[in-house]
1. In 5 Å bins starting at zero, report the fraction of Cα pairs in segment 249-371 per bin as a rounded %.
2. Using Cα springs under 10 Å in a Gaussian network model of the chain, which residue among 37, 122, 153 shows the largest mean-square fluctuation?
3. For a protection proxy built on the mean count of beta-carbon atoms within 10 angstrom, sort 167-178, 106-117 highest first, please.
4. Quick check for you: which residues of segment 67-106 have the amide N under 16 Å from the point 7 Å beyond the Cα of residue 217 toward its beta carbon?
5. How fast does segment 42-170 diffuse by Stokes-Einstein, in µm²/s, taking the Kirkwood radius from C-alpha pairs at 4 °C and 1.567 mPa s?
6. Take the chain, connect every pair of alpha-carbon atoms lying under 10 Å apart with a spring to form a Gaussian network, then pick out the residue of 179, 89, 372 with the largest mean-square fluctuation.
7. Around residue 284, which amide H atoms from residues at least 5 apart in sequence, or from another chain, sit under 5 Å from its own amide H, with H modelled in the peptide plane?
8. For the chain, compute Rg over Rh where Rg is the Cα radius of gyration and Rh is the Kirkwood radius from the inverse mean 1/r over Cα pairs.
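No value in this document is a laboratory result; all are computed from the given coordinates. In this text, all values refer to a predicted model and were calculated from it rather than measured experimentally. Cβ sites come from the backbone with ideal geometry, for glycine too, and all protein chains shown count toward neighbours.
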Amino acid sequence: MTIQARFGPYGGRYVPETVIPALDELTAAYERLKDEAGFQAELQSLLKDFVGRPTPLYFAARLTEKLGGPRIYLKREDLCHTGAHKINNTVGQLLLAAEMGKKRIIAETGAGQHGVATATAAALFGIPCAIYMGVKDIARQELNVVRMKLLGAEVIPVSSGSQSLKDAMNDAIRDWVTNVENTYYVIGSVAGPAPYPALVRDFQSVIGCEARAQFMEAEGKLPSELIACVGGGSNAMGLFAAFLDDDVPMVGVEAAGEGLDSGKHGASIERGHRGVLHGSMSYVLQDAYGQILEAHSISAGLDYPGVGPEHSWLHDEGRVRYDSVTDAEALACFTMLSETEGIIPALESSHAIAWITKHAGDYGKDDAVIINLSGRGDKDVHQAARALGIME
Ligand SMILES: *Cc1c(COP(=O)(O)O)cnc(C)c1O
């Protein structure tokens, strides 16, 4: 089996030539290991005992009653170790890095969530780890910076450009070009040059595989719809992948931020154009020259100016519907889910909750849906409290 490098016109490898041998090496290693019994056994054991899988598929009875629409099931990725789905991918990639004999791990991070997930997995394997992070992000994400340091990672401040995610991304790629022999580069979503989009999707597909079996067990049929928020798109692809061959509708919910016409949003599919970011062709928020625009979302994880190439293709093919939800709508559902179900969702996941809240009336009484609750909201309580006027 070869690893998919293109999704229609999207994907590919738009990187300096010096990186190509490393991508070839990674592709070959993953091709060799992905179906190998020993590798899979090790991965399954780590997912079970370190990550805490399988995560529950929870029937949200009070939410269902409140909205009066479809029966709503929440896939509880918020219950994973470190509080979100990102760890599914970083544990998988670290296992790969260890098998490949790599001696050093690098990654970039925006809000710090992927940095923490990478630092966690690097500590698990005892491999030194450096995380690139914009100085602006370091200032506003102190908790995650402390977590990374506690986990033994080096946090490298990036002061060029906008001093945030895209600049950290550039520096991480520059590091990789220089140290490609011994260094493994961990990408945090279904983005980046091939083989990363397919590889990250595969590591996250455990979400949908579990959810499919759990839903069949509970309802005896396939779900009426799947709903997931989309930043880079890894939690969504992880849920969707197991259902792509079924006749199950799916919605990816992007960040509309302060409104699609405000210029402050993260809706790369709805408002972006075909272009190159992070080494692959996809829908990207860009100016007329192809320079990357800054995204905006109340949720740090959706604050990304691109989207994974497979999502761009699923959009063009009409297989998945993409829609968006504003900061205000997501924030309202952050409190609503907390009060209704006793679950404080991540602001990212609150976008998916907000979408079903708006569309509950479109379903029949026999419908049942799965919403991916990608993470827990503990990381967001200060920001939410400020936005809600609960505290300074
Ligand atoms: C990072 C993050 C996201 C967005 O990333 P995807 O790759 O789109 O999944 C969503 N939810 C949470 C909780 C996150 O930490």
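1. Final binned percentages: 2, 12, 20, 20, 20, 13, 8, 4, 1, 0.
2. Largest GNM mean-square fluctuation: 37.
3. Values: 167-178: 19.3, 106-117: 27.5.
Ranking the peptides 167-178, 106-117 by packing returns 106-117, 167-178.
4. So the set is 73-77.
5. Details: Rh = 16.0 Å.
For the chosen part, D equals 81 µm²/s.
6. Of 179, 89, 372, the Gaussian network model singles out 179 as fluctuating most.
7. The answer is 273, 274, 275.
8. Details: Rg = 19.5 Å, Rh = 20.7 Å.
My calculation of the ratio gives 0.94.
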